[in-house]
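Enquirer: My questions all concern the structure below.
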Amino acid sequence: MSILDLFKRKKPQRKRVYAGAQTGRLFNDFIASSQSADEEIRGALKTLRNRCRDLSRNNEYARRFINLSKANVVGDRGVTLQVKARNDNGSMDVIGNTVIENAWKKWGRIGVCTVDGRMSWVDAQRLFVETLIRDGEVLVRLVKYPNEFGFALEFIESDLLDEEYNMRLSNGNRIRMGVELDPFNRPVAYHLFTSHPGDNQSQWMGKTYNRVPADKMLHCFLPERAMQTRGAPWMAPAISSLKMLHGYREAELVAARVGASKMGVFTSPSGDGFQPDDMDNKMPIMEAEPGTFHQLPDGVNFTSFDPTHPTSAFADFEKAVLRGIASGLGVSYTSLANDLEGVSYSSIRQGALEDRDQWKVVQDFLIQHFVEPVFREFLMKIMENGAINIPASRFDKFADATVFRARGFQWVDPLKEMNAAVIGINNGILSLQDVANQYGRDIEETFDQIQAEKEMASMYGVKLAFEPFGQKLPTTAEVTDANAE
């Protein structure tokens with residue numbers, strides 16, 4: 001080194017702008033992946049799907065989450081349909097709308113809407129939600145079926161879509177995890193196993209595929225990254241915590257049973273002098289009953305066995321883990337754990353509102369990706385085969401004038417919320433339809449019910465003591481002359 005080297009300016013080391021990109025011993029276990037979405041899913045999809053199915057069968061909290069999702073997204077009535085097509089003069093086409101609505105309702109009965117004849121339309125919606133959460137994706141085939149409407153649905157398990165089937169085709173398309181894509185990554189067809197790979201080995205004939213065009217198949221999943229071809233189970237972020245918590249609770253339960261069953265052991269320096277009541281696997285034991293005392297022989301000591309299980313921190317630890325699981329699943333802790341201890345009105349209301357926002361997102365997904373495509377296919381089929389007396393040339397008129405309404409939610413505090421709705425209506429902030437939406441209903445349906453009730457009351461000679469949609473005035477009393485004959 002020359003003396004001039006001492007005066008040279010040292011090159012400053014580059015400092016990382018993002019702290020999360022730092023390296024070192026604290027980040028040695030932070031192993032990230034730069035693989036594509038499909039590559040990450042391909043290697044983990046089958047394991048994730050099988051584990052989520054096992055949790056849905058055997059884990060109480062996983063089952064609770066699936067049941068919550070079906071109850072809050074689908075409910076008891078499912079997504080309802082209302083057709084609001086109008087004539088050329090602007091009047092409502094009541095006859096045409098009623099014909100389509102009645103046909104849709106009739107198609108949704110048990111034994112009609114699915115090829116296996118086991119589900120109603122509401123059952124199909126519940127199966128869609130459960131499969132979407134558990135498997136991460138739903139496959140539904142649109143089948144030309146010999147029923148009254150010429151149309152039915154076939155649910156297909158995602159196992160039949162081989163994630164290991166990847167190749168380039170001579171026409172420029174490529175198959176990625178069983179899905180044939182065009183150069184723009186648009187699905188062209190689905191290559192399905194001809195039989196379920198999990199069936200009995202004697203029935204499994206190897207990898208033979210059946211190509212189904214994309215316009216005859218609904219492949220529904222929630223994409224998390226661009227250029228993603230398959231869906232991952234929604235419970236994936238909570239799998240490890242659900243499994244570990246289940247194992248911990250099982251260990252605590254076993255330890256508590258052991259602690260309740262074992263009382264202690266007898267010891268003596270010489271190893272004898274103890275007179276047992278019975279033998280268990282060649283081990284001498286003494287039976288004890290509540291409220292009894294025993295005198296031990298000379299030289300025999302008693303050592304108690306008293307494990308403290310479950311520990312005092314068990315409840316707090318379980319609650320902390322469940323909070324993380326609930327966050328990963330997108331629901332509140334009180335809903336997932338079914339724990340209302342110590343909650344206030346404001347806290348449970350806030351949690352309920354956040355949960356409902358999440359359910360509404362799933363409801364919107366259900367309508368856009370499943371209900372509406374099925375209805376449009378149904379409407380075209382019944383117009384083409386003459387199941388209804390409306391020609392296919394009027395398809396756009398009715399298909400574009402449909403309203404799908406998911407289930408609504410009851411208010412947490414009905415009196416407060418109803419008063420707030422009345423104030424909103426009176427001040428022009430809310431409409432009657434906005435309030436009806438809270439119940440998952442249409443205001444026309446509400447008007448129709450009120451009118452029917454008035455007509456029924458008049459038919460039976462019953463005088464109603466209220467009049468909606470107007471100023472609330474006291475009812476005028478009717479005086480009957482007792483002397484009149």
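Enquirer: Just to be sure I understand the model, the point goes 7 Å from the Cα along the line to the Cβ. What's the resulting Q438 to R118 distance in nm?
Expert: Label at Q438, label at R118, 4.0 nm between them.
Enquirer: Here's a follow-up. Once you have the Cα-Cα distance between I388 and V94, take 0.36 nm times their residue separation minus that, and quote the gain in nm to one decimal. Please list the in-between numbers first.
Expert: Working: separation 294, 0.36 × 294 = 105.84 nm, distance 1.48 nm.
Fully extending the segment from I388 to V94 adds 104.4 nm.
Enquirer: For the range 156-224, which GluC sites (Glu not before Pro) are both in a DSSP coil and crowded by at most 13 other Cβ atoms within 10 Å? Before the final figure, lay out each step's value.
Expert: Numbers: sites: E157, E163, E164, E180, E224; in loops: E157, E163, E164, E224.
Here the sparse-neighbourhood loop sites are E164, E224.
Enquirer: For the range 163-225, what is the Kirkwood estimate of the hydrodynamic radius, computed as the reciprocal of the mean inverse distance between distinct Cα atoms, to one decimal in Å? Show your work: numbers first, answer last.
Expert: Details: mean 1/r = 0.0772 Å⁻¹.
For the range 163-225, the Kirkwood estimate is 13.0 Å.
Enquirer: If packing is taken as the average count of other Cβ atoms within 10 Å, what order do 225-238, 77-90 fall into, highest mean first?
Expert: Details: 225-238: 19.1, 77-90: 14.6.
Packing order, densest peptide first, comes out as 225-238, 77-90.
Enquirer: Kindly give the semi-axes, whole Å and largest first, of the ellipsoid equivalent to the range 83-145, taking each as the square root of 5 times a Cα gyration tensor eigenvalue. Working shown, then result.
Expert: Details: eigenvalues 191, 44, 20 Å².
For the range 83-145, the ellipsoid semi-axes come out as 31, 15, 10 Å.
Enquirer: Give a residue-ordered list of calculated ³J(HN,Hα) values for the range 119-136 (Karplus: 6.51 cos²θ - 1.76 cosθ + 1.60, θ = phi - 60°; whole Hz; x for Gly, Pro).
Expert: With the stated coefficients, the range 119-136 comes to 10, 8, 5, 5, 4, 5, 5, 5, 5, 4, 5, 5, 5, 4, 6, 6, 9, x Hz.
Enquirer: Once amide H atoms are built 1.01 Å from N in the peptide plane, which residues 5 or more positions from A189, or in another chain, come under 5 Å H to H?
Expert: Those lying under 5 Å, H to H, from A189 are E180, A214.
Taken together, the values in this text are just the output of simple stated rules run on the coordinates, not laboratory data. Because the structure is a prediction, the values reported are computed rather than measured. Reconstructed Cβ throughout: ideal geometry from the backbone, glycine too, with neighbour counts over all protein chains shown.
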